[in-house]
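A.B. asks: Below is one structure. I have some questions about it.
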Amino acid sequence: MATPERDLPAQGAGEFGRKAHSLVEVFRARADSQPNEVAFTFLSALSGEEPPAAEHRTYGELDRQARAMAAHLRRFCDPGDRALLMYDAGLDYLAALAGCFYAGVVAVPVYPLEPLRVARMLPRLAAIVNDAQATLLLGTASDLGWAEAVLGQIPALRTLLPSDNADPRLAERWTAPPLDRATPAILQYTSGSTGAPKGVLVRHGNVLANMAQMEQAIDVDDAVACTWLPAYHDMGLIGGVLQCWYSGRRNVMLSPVAFFQRPLAWLQAVAAYRATTIAAPDFGYDLCTRKIKPEQRAGLDLGCLQLALSGSEPVRAATIDRFVEAFAPCGVRREIFTPCYGMAEATLLISAAERRTSPAVRLFDLEQLSQNKAVEVGPEAAHARALVGCGKSAAGQRLIIVDPRSRAVQAPRQVGEIWVAGDNVASEYWRKPEDSAATFRAYTAAGDGPFLRTGDLGFLDRDELFISGRLKDLIIVHGRNHHPQDLEQSVESSHAALRPWGGAAFAIEKDGREQVIVVQEVARPKTVDLDEVSLAVRRALLESHDLVVGGVVLVRPGTIPKTTSGKVQRHACRQLFLDGALDALHAWQAPARGPAAESYVAPRNAIESMLAAAWSEVLGVPRVGIFDDFFELGGHSLLATQLASRLSRRLGVELPLGELFDRPTIAALAELIEARRKAEEAADADLLAQLESLSDEQAQAMLDGGPRNGASRPRSHAANGDTRSTTAFPAVMEGSAHPVIHAAQH
């Protein structure tokens with residue numbers, strides 16, 4: 001393969017990248033020209049009490065690992081086969097991903113299994129395995145070790161292949177498979193339905209085209225990126241991993257969990273490595289503003305930042321304002337913010353705002369927007385909505401606004417569906433011909449096409465793209481996609497009194513945030529406790545979807561608007577909710593962040609005071625009462641994990657996450673802690689009494705080797721340091737459905 005060093009710039013891929021036939025060609029050229037230059041750094045042990053441990057990979061090391069992995073893969077699969085990649089954050093994933101490319105195998109990134117959520121995550125993983133027709137799963141030896149029994153319950157998955165112990169000598173045996181721009185590279189499954197996941201088939205040519213577009217739109221000189229985005233999601237995979245690799249930009253990576261537990265760690269890494277480029281969904285910047293205290297910002301030098309990409313969910317002007325205001329003393333300028341828009345079906349980037357300019361924020365009349373007209377108004381307007389421009393269409397791509405019903409192309413400032421076409425746009429969903437035709441092969445009324453239908457609503461104003469809403473019902477909260485039908489199914493199964501197919505889930509914007517509202521019919525409202533039903537709905541969505549809802553409205557049978565064919569009309573139901581026109585039997589609404597003064601009850605003892613302090617730190621609210629609900633104050637599963645970890649350290653014992661879900665108030669959790677403390681004291685007293693009744697020889701024998709002469713020994717898992725849970729792996733308890741073959745290492 002010809003990869004002349006002189007044709008590949010030190011930074012950026014330039015003409016070489018635009019003419020390359022595959023990602024492998026670019027990666028090999030990068031390894032030839034910059035073999036000893038660090039490409040990726042992964043930071044761990046982000047406690048804040050000591051410098052984080054750093055692991056590095058050079059372009060040469062990655063190339064050797066990829067060749068060894070590819071040669072190893074070829075023993076178990078052929079070019080064109082699909083291999084699932086299930087990795088926690090770290091550098092092992094990068095070699096496995098490139099190894100798939102080097103072997104001509106289609107990489108299928110999937111969410112890593114979490115021990116406490118196996119029962120919920122396994123059905124989606126099984127659906128992806130079956131849809132992708134994949135028989136091979138790659139991971140680290142340690143992760144595959146604990147997950148073997150769980151993964152054994154997916155019949156189609158026959159081989160688990162640890163990638164971190166492949167023989168490095170295999171690199172010399174690698175031979176390049178036939179690759180070109182039409183060769184499939186990635187099967188990117190979008191978030192959503194567990195029953196019928198859709199995989200976007202992204203080819204080498206799609207990625208290369210989008211890489212060139214990104215290089216032109218968002219690249220800066222001497223760039224160093226710093227990201228925490230998960231590498232199995234399109235924004236982290238394409239924008240964080242492949243774009244940096246393609247363009248020769250170093251990426252300093254943190255795990256998403258590390259960011260959620262301690263957002264300051266991200267910005268400290270930016271300062272330490274003098275990063276120029278960061279990227280996050282809107283909520284990531286908001287989390288930094290809320291969680292990083294003024295005293296923690298002191299001495300934080302962020303003047304190196306030149307680009308702060310914001311995408312993956314609606315970009316909010318208020319979030320940008322708050323971040324800039326909070327970190328301006330650290331050197332952050334408003335001009336670094338670059339709102340962008342993209343999706344997996346277009347590989348990633350569709351549009352991006354111009355670099356080194358303040359984001360375009362304009363006010364539009366809300367009523368006119370609902371009529372599909374963008375009418376700009378002044379700040380004094382009573383009903384104005386601030387929208388942030390997402391820039392111009394990527395180079396070499398066509399972007400038009402189309403009336404979704406008539407398919408007529410809309411004029412500027414007319415709201416319609418966003419359609420795009422270009423080499424970066426994928427051609428299909430894997431094994432979904434009807435969905436593929438509807439989404440990827442759309443034609444205008446004049447016969448122009450084919451275009452990708454994004455399902456998003458927007459308009460063009462002075463060639464700037466503004467996103468105004470979603471034609472599709474997809475709900476995005478904290479950067480995660482939720483299909484309403486999935487939420488509705490969980491709701492109707494949460495309580496026996498709820499009617500099947502009698503619910504609607506939708507999103508509204510409140511206080512600058514997107515909130516999920518659930519409206520649900522109750523079959524026999526006079527026979528049940530509606531408070532209990534509402535609580536069951538909220539608990540089901542929290543446990544099944546990590547989702548804290550903004551409101552639950554229970555209504556009579558027949559209240560939910562439906563089509564003549566019986567389909568729920570979510571948009572109509574949403575409008576009834578906004579108009580206050582629902583005939584509600586019971587309505588619950590999440591309180592505003594922070595407790596109301598009249599409902600505040602102060603801690604009554606040391607344990608409650610300690611819990612209140614932890615609540616306040618994690619939630620970012622100044623004061624928490626003992627009867628305030630953690631989840632109603634804005635908590636979600638990631639913050640719950642952070643809180644459980646913090647409390648476990650302070651209490652000296654493990655606090656299972658389920659305990660917090662079951663006892664979400666300080667009063668309830670303090671009562672549990674106190675009850676356990678008393679139980680342990682009683683157990684200790686009982687043990688002491690037994691010891692006192694024994695001879696010295698019997699007592700010593702009991703302490704050394706267990707009970708003697710019929711004496712029982714009370715044992716507390718927490719008191720004895722045993723934090724194992726017998727409910728963490730419900731699928732494992734029944735054993736594997738079939739033996740899982742571990743690929744032998746040679």
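The values are calculated or read from the model by the stated rules, or taken from the named source; none is laboratory data. All values derive from a computational prediction rather than experimental measurement. Counting neighbours? That spans all protein chains shown, and the Cβs are built from the backbone with ideal geometry, glycine included.
A.B. asks: If I ask for residues that are over 27 Å from K510 (Cβ atoms) and assigned to a loop (DSSP other than H, G, I, E, B), which ones from the stretch 280-329 would you list?
C.D. replies: Of everything in the stretch 280-329, those that are over 27 Å from K510 (Cβ atoms) and assigned to a loop (DSSP other than H, G, I, E, B) turn out to be A298, G299, L300, D301, L302, G303, C304, L305, Q306.
A.B. asks: Given the conditions (1) farther than 30 Å from A223 by Cβ; (2) crowded, with 16+ Cβ neighbours inside 10 Å; (3) not aliphatic (A, V, I, L, M), which single one is not true for E345?
C.D. replies: It fails just one condition, (1).
A.B. asks: Do we have W615 as closer than 30 Å to K562 by Cβ and either in contact with a helix residue (DSSP H, G or I) (Cβ under 8 Å, 6 or more places away or on another chain) or at pLDDT below 80 (or both) here?
C.D. replies: Working: closer than 30 Å to K562 by Cβ: no; either in contact with a helix residue (DSSP H, G or I) (Cβ under 8 Å, 6 or more places away or on another chain) or at pLDDT below 80 (or both): yes.
No, not satisfied.
A.B. asks: Can you name the residue in the stretch 514-529 that is surrounded by fewer than 19 Cβ atoms within 10 Å (Cβ to Cβ) and in contact with a strand residue (DSSP E or B) (Cβ under 9 Å, 6 or more places away or on another chain) and, of all such residues, is nearest to A384 (Cα to Cα)?
C.D. replies: Residues of the stretch 514-529 surrounded by fewer than 19 Cβ atoms within 10 Å (Cβ to Cβ): 514-515, 523-529.
Still in the list and also in contact with a strand residue (DSSP E or B) (Cβ under 9 Å, 6 or more places away or on another chain): 514-515, 523, 525, 528.
Values: E514: 17, Q515: 19, A523: 40, P525: 39, V528: 42 Å.
Filtering the stretch 514-529 for residues that are surrounded by fewer than 19 Cβ atoms within 10 Å (Cβ to Cβ) and in contact with a strand residue (DSSP E or B) (Cβ under 9 Å, 6 or more places away or on another chain), the one nearest to A384 (Cα to Cα) comes out as E514.
A.B. asks: Restricting attention to the stretch 105-112, does a residue exist that is among the aromatic types (F, W, Y) and surrounded by 19 or more Cβ atoms within 10 Å (Cβ to Cβ)?
C.D. replies: Residues of the stretch 105-112 among the aromatic types (F, W, Y): 111.
Okay, now just the ones that are also surrounded by 19 or more Cβ atoms within 10 Å (Cβ to Cβ), so none.
No, the stretch 105-112 has no match at all.
A.B. asks: Checking the conditions here, which among T190, T159, T227 is touching a residue at least 40 places away in the same chain (Cβ under 8 Å), surrounded by fewer than 17 Cβ atoms within 10 Å (Cβ to Cβ) and touching a strand residue (DSSP E or B) at 6+ places or on another chain (Cβ under 8 Å)? If you could, list the steps in order and put the result at the bottom.
C.D. replies: Numbers: T190 fails: surrounded by fewer than 17 Cβ atoms within 10 Å (Cβ to Cβ); T227 fails: surrounded by fewer than 17 Cβ atoms within 10 Å (Cβ to Cβ).
After ruling out the rest, the residue left standing is T159.
A.B. asks: If you don't mind, there's one more thing I want to ask. For the stretch 330-368, give me each residue that is in a strand (DSSP E or B) and of a type in the set (D, E, K, R).
C.D. replies: Taking the stretch 330-368 as the starting set, the residues that turn out to be in a strand (DSSP E or B) are 337-342, 349-352, 361-365.
Answer for the stretch 330-368, where residues must be in a strand (DSSP E or B) and of a type in the set (D, E, K, R): R362, D365.
A.B. asks: Follow-up. Could you tell me whether R431 is without any contact (Cβ under 8 Å) to a residue 24 or more places away in the chain and either more than 28 Å from the chain's Cα centre (by Cα) or assigned to a loop (DSSP other than H, G, I, E, B) (or both)?
C.D. replies: On the way: without any contact (Cβ under 8 Å) to a residue 24 or more places away in the chain: no; either more than 28 Å from the chain's Cα centre (by Cα) or assigned to a loop (DSSP other than H, G, I, E, B) (or both): yes.
So R431 does not fit the description; no.
A.B. asks: Hey, among L160, L137, which residue is touching a helix residue (DSSP H, G or I) at 6+ places or on another chain (Cβ under 6 Å), under 12 Å from L84 (Cβ atoms) and part of a strand (DSSP E or B)?
C.D. replies: Numbers: L137 fails: touching a helix residue (DSSP H, G or I) at 6+ places or on another chain (Cβ under 6 Å).
Sole residue among the options that is touching a helix residue (DSSP H, G or I) at 6+ places or on another chain (Cβ under 6 Å), under 12 Å from L84 (Cβ atoms) and part of a strand (DSSP E or B): L160.
A.B. asks: Looking at the stretch 113-127, can you tell me whether even one residue there is surrounded by fewer than 24 Cβ atoms within 10 Å (Cβ to Cβ), within 25 Å of N206 (Cα to Cα) and within 21 Å of the chain's Cα centre (by Cα)?
C.D. replies: no
A.B. asks: Given the conditions (1) assigned to a strand (DSSP E or B); (2) within 27 Å of the chain's Cα centre (by Cα); (3) among the small types (G, A, S), and given that A536 satisfies all but one, which numbered condition is not satisfied?
C.D. replies: The single condition A536 does not satisfy is (1).
A.B. asks: Out of all the residues in the stretch 347-375, which are closer than 30 Å to A572 by Cβ and touching a residue at least 12 places away in the same chain (Cβ under 8 Å)? Write out each step before concluding.
C.D. replies: Filtering the stretch 347-375 for residues closer than 30 Å to A572 by Cβ gives 350, 362-375.
Within the stretch 347-375, I350, R362, L363, F364, D365, L366, E367, L369, N372, K373, A374, V375 meet the criteria.
A.B. asks: Just name the residue that is nearest to the chain's Cα centre (by Cα) out of those in the stretch 576-590 that are in a helix (DSSP H, G or I) and surrounded by fewer than 15 Cβ atoms within 10 Å (Cβ to Cβ). Steps first, answer last, please.
C.D. replies: As a first pass, look at the stretch 576-590 and keep what is in a helix (DSSP H, G or I): 576-579.
Subset that is surrounded by fewer than 15 Cβ atoms within 10 Å (Cβ to Cβ): 578-579.
Values: L578: 29, D579: 32 Å.
Checking each candidate, the answer is L578.
A.B. asks: Hey, could you check the stretch 20-45 for residues that are among the acidic types (D, E) and part of a helix (DSSP H, G or I) and say which is modelled with the lowest pLDDT? Break it down into steps so the answer makes sense when it comes.
C.D. replies: Step one: filter the stretch 20-45 for residues among the acidic types (D, E), giving 25, 32, 37.
Among the residues that remain, those that are also part of a helix (DSSP H, G or I) are: 25, 32.
Details: E25: 97, D32: 94.
Filtering the stretch 20-45 for residues that are among the acidic types (D, E) and part of a helix (DSSP H, G or I), the one modelled with the lowest pLDDT comes out as D32.
A.B. asks: Checking Q34 against (1) under 24 Å from the mean Cα position of the chain (by Cα); (2) over 29 Å from R646 (Cα atoms); (3) surrounded by fewer than 23 Cβ atoms within 10 Å (Cβ to Cβ): exactly one of these is not met. Which one?
C.D. replies: (1)
A.B. asks: Okay, next question. Of all residues in the stretch 178-194 being assigned to a loop (DSSP other than H, G, I, E, B) and either farther than 24 Å from N130 by Cβ or of a type in the set (V, I, T) (or both), which is modelled with the lowest pLDDT?
C.D. replies: Filtering the stretch 178-194 for residues assigned to a loop (DSSP other than H, G, I, E, B) gives 178-183, 190-194.
Within this subset, residues satisfying the condition of being either farther than 24 Å from N130 by Cβ or of a type in the set (V, I, T) (or both) are 178-183, 190, 194.
Values: P178: 95, L179: 97, D180: 97, R181: 98, A182: 98, T183: 98, T190: 77, T194: 40.
By that ranking, first place goes to T194.
Rundown of residues vs (1) at pLDDT 95 or above; (2) in contact with a Phe, Trp or Tyr (Cβ under 7 Å, 6 or more places away or on another chain); (3) of a type in the set (V, I, T); (4) not in a loop (DSSP other than H, G, I, E, B), yes/no style:
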| site | (1), (2), (3), (4) |
| --- | --- |
| A209 | yes, no, no, yes |
| Q216 | no, no, no, yes |
| C226 | yes, yes, no, yes |
| Y232 | no, yes, no, no |
| M235 | no, no, no, yes |
| F260 | no, no, no, yes |
